[in-house]
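First up is the structure itself, then whatever we jot down about it.
The values are calculated or read from the model by the stated rules, or taken from the named source; none is laboratory data. All values derive from a computational prediction rather than experimental measurement. Positions of Cβ are generated from backbone atoms using ideal geometry, with glycine treated the same way; all protein chains shown enter the neighbour counts. Note: areas computed on protein heavy atoms with side chains; ligands, DNA, RNA excluded. Shrake-Rupley method; radii C 1.70, N 1.55, O 1.52, S 1.80 Å.
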Amino acid sequence: MTATYYPLGEAAILVSLGTKIDPAVHEAVRSLSYALAQAPFHGMIEYVAAYTNVTVFYDPVELAKEQLRQTDEALPYGFQVARQHIAAILRDMGKSAAQEARVVRVPVCYGGAYGPDMADVASYHHVSEADIVRQHTSGDYLVYMIGFAPGFPYVGGLPKAIATPRRKSPRVSIPAGSVGIAGEQTGIYPIATPGGWQIIGRTPLTLFRPGNDEDPTLLHAGDKLVFYAIDEAEYQALQKAGESA
Amino acid sequence: MNQRQNKIKVIDSGLLTSVQDMGRYGYQKYGIIVSGAMDTVSLALANIAVGNQLDTGTLEMTLCGASLELHAGTVFALTGADMSAALADEPVPMHRPVLVTRRDAVLTLHGTGKGTGARTYLAFAGGIHVPQRMGSQSTYLRAGIGGYQGRALQAGDVLCLGDAASMADRLRGTGHRISTSMISVSWRTPMVPVRTMRPIRVTRGLQADWFTSDSLEAFFAQGTFRLTNQSDRMGYRLAGSKLCLRQPRELISEPVAFGTVQVADGQPIILMADRQTTGGYPKIAQVAQADLSRLGQKKAGDTLVFEEVTLREAEKLLRDQRAMLAEVESSVHLALGKGL
C-alpha cells in the first residue's frame with residue numbers, strides 16, 4: 001500500500017492513501033484505521049478516517065521521548081516518530097486485513113410527513129414517488145466517513161438517476177433520523193440540525209446514542225448500508241421498540 | 001475530617017458559562033467533537049492553583065461572568081481574563097487559591113474590560129461533580145452532552161463540588177486573611193499573556209501552496225486580520241486582505257485540528273475548541289499548539305498578526321510550555337506543603 005505522509009501541524013500526521021473517492025482507497029483507509037485501533041502506538045491520541053486518508057493525532061512531547069536511528073533536521077521530530085510507527089503498521093498490515101465490513105439495514109418510512117421533499121424530488125426527475133423509493137432502496141451504499149455531526153455518515157453509492165441538488169433555502173431544523181439526498185450523496189441526520197438536504201424519509205433507528213460511551217454511534221466508517229421501505233405503522237412500532245430497548 | 005459536600009448556586013449565568021476540561025479525545029472518528037477549554041493553559045493554571053489534576057473540569061466564562069453563591073470551606077482560583085471578581089463585594093485576587101470563610105458569599109464576575117482577554121476560568125478544589133461522558137467533563141453544547149446537563153449554566157442551577165477539606169486546611173495553615181470572607185496566599189501562578197500584541201505563531205498549512213504568492217505574503221509576512229463578531233467557540237472568522245487560490249480547486253473533506261486556518265470566500269477561519277471533525281476548505285496555516293491559549297483569549301474586534309515558524313520551532317514552543325506548567329505545578333505543591 002502506498003502512503004504519503006503530511007504534517008497537520010506539529011501534533012498530527014495525515015496519511016494519504018489515494019487521491020480520489022473510491023472503494024479501493026476506502027478499503028486501505030479502513031484497514032489502517034482497524035490496525036491503529038487494535039495497536040495504538042505510544043503517544044497516539046486518536047485517529048480520524050476520511051475519504052482518502054487517515055489522520056493520527058499525537059502528543060509530540062511524548063513522541064519526542066522515543067529515539068530515532070536517523071533523523072531529518074528539516075522535519076519535526078514527532079512527525080518522524082509517528083511516520084515510522086505508521087509505516088511499520090502498513091508493512092505488517094497485509095497479514096491482518098480489516099474485519100469484513102458490517103452490513104447495517106436501515107428501515108425508512110418514505111414520503112409523507114417524514115419526507116417533506118419527496119414530491120419535489122420525484123417531480124424534479126419526472127418520476128413517481130414509488131420510483132424514487134425503488135431507486136433509493138436499490139443502491140449499493142458504503143459509509144466512507146463520519147463527520148459534520150455525531151454519527152453523520154457520508155454515504156456513497158446513490159443511484160445517479162436520483163441525484164438531486166440541495167434545497168435552495170436550507171431548513172432551520174431537520175429532525176433526527178431524516179434521510180436526505182444532496183447531489184450524489186445520501187445521508188441520515190443523527191441529531192436535529194439545520195440543513196439543506198432534500199428530505200425523502202425518516203428512519204426510526206437512533207444513530208447517536210451518547211449514553212453508550214463504548215460505541216456512541218450506530219454507523220461507522222466502512223459500514224455497508226441497505227435501505228428498505230417501511231410504512232408508518234412499522235415506523236411507530238420500531239420507534240417504540242427502540243425506546244424500550 | 002470534614003466531609004460536608006460544598007455546593008454552588010448560580011445566581012446569574014453570565015453570557016456563556018459552561019463546564020470545560022482539556023477536551024473529549026478518542027471520539028472524533030464518530031463525528032463527536034473535542035470541545036474543552038478555549039484556553040487550556042489558563043485552565044491548567046487554575047487547577048494547579050487549587051491542587052487539582054491539570055485536566056479537571058472548571059467553569060469557563062465568556063466576556064461577561066457569572067454570579068455564584070459559595071459556601072464556607074470552598075477553595076477556588078480564577079485565571080484567564082480579568083473580570084474584576086468580587087466576593088461579598090470585596091475584590092478577589094486572581095491566579096491563586098482563595099478559601100471562602102463566610103457561610104454564604106456571592107462571587108460576582110463582571111465584564112471583561114478593554115484591557116483583558118475574553119475568557120475566565122474558575123476552578124474549585126476537588127473539582128465539580130458532573131459525570132464524565134466519553135472520558136470528559138467538557139460540555140458539547142450543540143449535541144447536549146457532558147458538563148452540567150449538557151448545557152451552559154442557567155440561573156438556579158446547583159452544582160456539587162468535590163472534597164476541598166485538605167486544600168482548605170493547607171490554606172488555613174499557609175495563607176493569610178485578605179478580607180472578612182477570604183483567606184488566600186501571597187504567591188501567584190504565572191498567567192497567559194492575554195493582551196499582548198505579539199504575533200500568533202503559525203506553520204504552513206497543508207494546502208498553502210494552493211494560494212498565490214501575494215496571498216501567502218499577506219497572511220504570513222505582513223497582513224493584519226481583524227476578528228469579526230462571527231466568532232465563537234467553534235471558530236474565528238477573520239477579515240483582512242483577500243486570500244486567493246492560484247486556480248480554483250476542490251478539496252475532498254479531511255480531518256482538521258485545533259488552530260487549523262481554513263480559507264473560505266477569501267477570508268481565514270481559525271478552527272477552535274468546538275470545531276467540526278473534518279473540513280473541506282483549503283488550509284493555509286496551522287496555529288502552533290503553544291499559542292492556542294493566547295488565541296482563545298481574543299475578542300471580536302481584536303487585531304491578529306501572524307508570524308511563520310517551522311514545525312520544529314512549534315514543537316519546541318510546546319515542550320517549553322509543558323515544562324513551564326510542570327515547574328509551576330511543583331512550586332505550588334511546595335508552597336502548599338503538599339506531598340511533603
* Structure fact -> Condition set open to solvent by 10 Å² or more (accessible area, probe 1.4 Å), of a type in the set (Ser, Thr, Tyr) and over 22 Å from the mean Cα position of the chain (by Cα), scope the range B:198-229, selection nearest to residue B:248 (Cα to Cα): answer is B:212
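Condition check: open to solvent by less than 30 Å² (accessible area, probe 1.4 Å), in contact with a strand residue (DSSP E or B) (Cβ under 6 Å, 6 or more places away or on another chain) and touching a residue at least 60 places away in the same chain (Cβ under 8 Å). Does residue B:290 satisfy that?
Details: open to solvent by less than 30 Å² (accessible area, probe 1.4 Å): yes; in contact with a strand residue (DSSP E or B) (Cβ under 6 Å, 6 or more places away or on another chain): no; touching a residue at least 60 places away in the same chain (Cβ under 8 Å): yes.
So residue B:290 fails the test.
Can you confirm whether the range A:160-169 contains a residue that is away from chain B (no Cβ under 14 Å) and within 30 Å of residue B:26 (Cα to Cα)?
Checking the range A:160-169: not a single residue is away from chain B (no Cβ under 14 Å) and within 30 Å of residue B:26 (Cα to Cα).
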* Could you please let me know if residue A:133 is under 28 Å from residue B:28 (Cβ atoms), open to solvent by less than 60 Å² (accessible area, probe 1.4 Å) and at pLDDT 95 or above? => no
* When the range A:199-229 is examined, which residues are found to be open to solvent by less than 50 Å² (accessible area, probe 1.4 Å) and free of Cβ contacts under 8 Å to residues at least 60 places away in the same chain? -> A:207, A:208, A:213, A:215
* Determine the pairs where a residue that is in contact (Cβ under 8 Å) with a residue 40 or more places away in the chain, located within the range B:128-142, has a partner that is open to solvent by less than 10 Å² (accessible area, probe 1.4 Å) and among the polar types (S, T, N, Q) with Cβ atoms under 7 Å apart, the partner being 6 or more residues away or on another chain. => B:138/B:20; B:138/B:35; B:139/B:18; B:139/B:20; B:139/B:35; B:140/B:35; B:141/B:18
* Asked: Of all residues in the range B:296-332, how many are away from chain A (no Cβ under 14 Å), part of a helix (DSSP H, G or I) and within 21 Å of the chain's Cα centre (by Cα)?
  -> 5
* Asked: Which ones in the range B:236-260 are among the charged types (D, E, K, R) and open to solvent by 30 Å² or more (accessible area, probe 1.4 Å)?
  -> B:237, B:242, B:246, B:249, B:250
* What residue, among those in the range A:29-52 that are more than 27 Å from residue A:67 (Cα to Cα) and in contact with a strand residue (DSSP E or B) (Cβ under 9 Å, 6 or more places away or on another chain), is surrounded by the most Cβ atoms within 10 Å (Cβ to Cβ)? -> A:49
* Which residue, of B:5, B:20, B:28, is buried (at least 21 other Cβ atoms within 10 Å of the Cβ), touching a residue at least 40 places away in the same chain (Cβ under 8 Å), closer than 16 Å to residue B:124 by Cα and not β-branched (Val, Ile, Thr)? -> B:20
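Matching residues to (1) over 19 Å from residue B:55 (Cβ atoms); (2) not β-branched (Val, Ile, Thr):
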| site | (1), (2) |
| --- | --- |
| B:109 | yes, yes |
| B:122 | no, yes |
| B:128 | no, no |
| B:146 | no, yes |
| B:149 | yes, yes |
| B:161 | no, yes |
| B:172 | yes, yes |
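Are any residues in the range B:169-197 within 26 Å of the chain's Cα centre (by Cα), open to solvent by 40 Å² or more (accessible area, probe 1.4 Å) and modelled with pLDDT of 90 or more, and if so, which ones?
B:186, B:187, B:188
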